[in-house]
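Below is one structure, written out as structure tokens; comments come after it.
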Amino acid sequence: MMSPNKNNIKIHEHFKVVPPSSSTQTTTTIPLTYFDIFWLRFHPVERVFFYTLPNSQSHPSSFFQKLVPILKSSLSLTLQHFPPLAGKIIWPSDSSKPFIKFNPDEDDGVSLLIAESDLNFNNLVENSPQEASLSRSLIPYLESTESFASVVSIQITLFPNNGFSIGISTHHAVLDGKSSTMFIKAWAYLCKKIIETEDESPTLLPDLEPLFNREIIKDPNQLAAKFTEHMNEMATKMFPNEKPNHRNLKILPFEPKLEDSLRATFKLTRDDLDIIKQRVLSKWEIFETNASKPQTLSSFILTCCYSLVCIAKAIHEVEKEKEKFGFIFSVDCRARLEPPIPSNYFGNCVWGIIIDSQPLDFIKEDGDFLVAKCMHERIKMINKNMFGKFGPMMNQGIEVIALAGSNRFGVYEIDFGWGRPEKVEIVSIDRGLTIGLAESRDGNGGVEVGVVLKKDVMDHFRDLFVEGLCRS
């Protein structure tokens with residue numbers, strides 16, 4: 001995996017941040033469950049948070065001398081509650097499965113890069129299409145080799161006289177979206193408390209305290225072993241040049257697709273979602289279907305079905321031969337397991353669902369209804385066989401669209417002490433055809449949709465997305 005292009009970045013410092021020495025005297029090890037192992041060689045999830053600052057605080061001398069030390073010390077305090085994040089994934093020869101290990105006596109720690117950028121901050125926080133590569137320089141490299149993989153890396157970047165960004169890369173085999181957001185919220189909470197109270201060791205809120213107990217995840221069907229085998233088969237099929245190595249921990253080279261591509265964010269307001277909902281539910285009555293019409297549909301389903309159809313139609317408009325589309329998304333299973341597990345469980349607890357409708361469904365006039373109906377039915381009947389179809393979908397030439405993020409994470413609530421984010425982006429959606437979701441910044445129940453598309457596809461997508469909301 002290549003490190004991101006840093007041409008417009010000036011590196012000031014590079015730290016390894018660890019928990020306070022008084023808090024971690026012993027080695028910490030955490031096993032990986034089958035939920036985790038599925039993602040073992042998947043590309044990191046990369047997000048960037050943009051924050052505005054007054055001129056006095058965003059001047060380089062003030063920022064690097066006053067703000068960075070607070071961000072750094074609060075990160076160390078946060079790792080006191082999240083020590084595995086300062087460690088590595090390893091897979092010793094005497095272990096049947098990989099695991100996370102943090103050793104305070106070794107060169108462990110979270111990589112923290114302090115940088116400065118000459119990019120235009122105001123342009124970066126706009127939603128309109130821009131070069132997909134621009135956000136890449138704000139994301140840190142997450143190290144991985146055949147023998148180990150880092151868990152988290154962070155980059156704090158100053159935009160002089162405007163604001164700063166926090167870019168974070170997380171290893172998907174250790175954190176799902178809910179867990180990584182919880183970690184960032186904990187860091188922000190402690191940072192803000194230090195600023196407000198001048199208490200150098202504030203107490204973390206109980207609902208931000210992570211639960212690392214892996215014993216509550218049962219594996220009676222030996223899914224961990226099956227997923228390890230599945231992962232190796234997928235790696236061989238997708239990357240034939242990769243050396244076969246059962247214990248290889250190097251992240252597979254899902255390189256960003258940046259050439260001739262644009263990145264943009266589109267908003268669906270509460271009113272927009274109501275328009276989509278009424279249109280979809282009205283078709284439920286017209287089409288003959290054995291499925292009973294739901295009373296309502298979630299903002300998640302409405303956003304996905306609408307965005308998917310717009311993407312599929314835009315791609316088909318440019319590449320006529322592409323008519324088959326599929327959709328893969330994850331559902332949080334914490335409340336769905338038997339028995340349910342606590343919401344603060346820290347790790348992966350998401351299960352994949354595949355929407356593999358008929359070849360032309362996504363680009364039909366009634367595509368939004370067909371996709372929404374399929375999503376609604378699949379979510380109701382989550383089972384252990386969903387993952388198995390992913391390989392065949394790829395082999396059949398289906399254009400697979402994935403999903404990252406959620407409109408329920410509350411990313412726009414994350415305040416480090418200098419206000420809420422101006423914008424939050426899931427940068428890693430550029431590593432595949434992926435939709436990035438977040439709640440709307442205005443807090444009025446809307447949803448933000450992030451996409452990275454080829455320029456000609458983006459033009460069609462934007463027209464379809466806007467025009468489709470003009471019809472009731």
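In region 280-287, the count of residues that are under 30 Å from residue 307 (Cα atoms), at pLDDT 95 or above, of a type in the set (Ser, Thr, Tyr) and surrounded by fewer than 18 Cβ atoms within 10 Å (Cβ to Cβ) is zero.
Residue 373 meets each of the listed conditions (1) in a helix (DSSP H, G or I); (2) charged (D, E, K, R); (3) at pLDDT below 90 apart from (3).
Would you tally the residues in region 244-278 being hydroxyl-bearing (Ser, Thr, Tyr) and farther than 23 Å from residue 407 by Cβ?
Within region 244-278, the subset hydroxyl-bearing (Ser, Thr, Tyr) is 261, 265, 269.
After this cut, where a residue has to be farther than 23 Å from residue 407 by Cβ as well, the list is 261.
Selection size over region 244-278: 1.
Within region 189-220, the set of residues being within 28 Å of residue 419 (Cα to Cα) and in a helix (DSSP H, G or I) comprises 189, 190, 191, 192, 193, 194, 195, 196, 197, 206, 207, 208.
Restricted to region 35-124, the set of helices (runs of 4 or more DSSP H) holding at least 3 residues that are crowded, with 23+ Cβ neighbours inside 10 Å comprises 68-81.
Keeping to region 242-301, report how many residues are among the aromatic types (Phe, Trp, Tyr), within 30 Å of residue 127 (Cβ to Cβ) and either in contact with a Ser or Thr (Cβ under 6 Å, 6 or more places away or on another chain) or part of a helix (DSSP H, G or I) (or both).
1
The condition of being modelled with pLDDT of 95 or more, of a type in the set (S, T, N, Q) and surrounded by fewer than 19 Cβ atoms within 10 Å (Cβ to Cβ) holds for only one of 269, 296, that being 269. Hey, does region 200-207 have a residue that's out of contact with any helix residue (DSSP H, G or I) (no Cβ under 8 Å at 6 or more places or on another chain) and among the acidic types (Asp, Glu)? Within region 200-207 (the criterion being out of contact with any helix residue (DSSP H, G or I) (no Cβ under 8 Å at 6 or more places or on another chain) and among the acidic types (Asp, Glu)), the answer is yes, since at least one residue qualifies.
Within the bounds of region 346-364, is there any residue that is aromatic (Phe, Trp, Tyr), open to solvent by less than 40 Å² (accessible area, probe 1.4 Å) and more than 23 Å from the chain's Cα centre (by Cα)? Scanning region 346-364 turns up at least one residue that is aromatic (Phe, Trp, Tyr), open to solvent by less than 40 Å² (accessible area, probe 1.4 Å) and more than 23 Å from the chain's Cα centre (by Cα).
Sort out which residues of region 391-429 are surrounded by 16 or more Cβ atoms within 10 Å (Cβ to Cβ), at pLDDT below 95 and not in a strand (DSSP E or B), and write them in order of number. 393, 398 - these are the residues of region 391-429 that are surrounded by 16 or more Cβ atoms within 10 Å (Cβ to Cβ), at pLDDT below 95 and not in a strand (DSSP E or B).
Looking only at residues of region 130-144 that are hydroxyl-bearing (Ser, Thr, Tyr) and closer than 14 Å to residue 110 by Cα, we find that the one that is least open to solvent (accessible area, probe 1.4 Å) is 144.
Among the residues of region 264-282, are any of a type in the set (Gly, Ala, Ser) and in contact (Cβ under 8 Å) with a residue 24 or more places away in the chain?
Checked region 264-282: at least one residue is of a type in the set (Gly, Ala, Ser) and in contact (Cβ under 8 Å) with a residue 24 or more places away in the chain.
The set of residues in region 145-173 being assigned to a strand (DSSP E or B), open to solvent by 10 Å² or more (accessible area, probe 1.4 Å) and not aromatic (Phe, Trp, Tyr) consists of 150 alone. All of 199, 207 fail the test of being in contact (Cβ under 8 Å) with a residue 12 or more places away in the chain and either buried (at least 21 other Cβ atoms within 10 Å of the Cβ) or not hydrophobic (A, V, I, L, M, F, W, C) (or both), apart from 207.
The values are calculated or read from the model by the stated rules, or taken from the named source; none is laboratory data. The structure presented is a predicted model; accordingly, all values stated were derived computationally and were not measured. With ideal geometry, Cβ positions are generated from the backbone for all residues, glycine too; neighbour counts draw on all protein chains shown. Quick note on the areas: whole protein, heavy atoms, side chains included, nothing else; ligands and nucleic acids left out. Shrake-Rupley method; radii C 1.70, N 1.55, O 1.52, S 1.80 Å.
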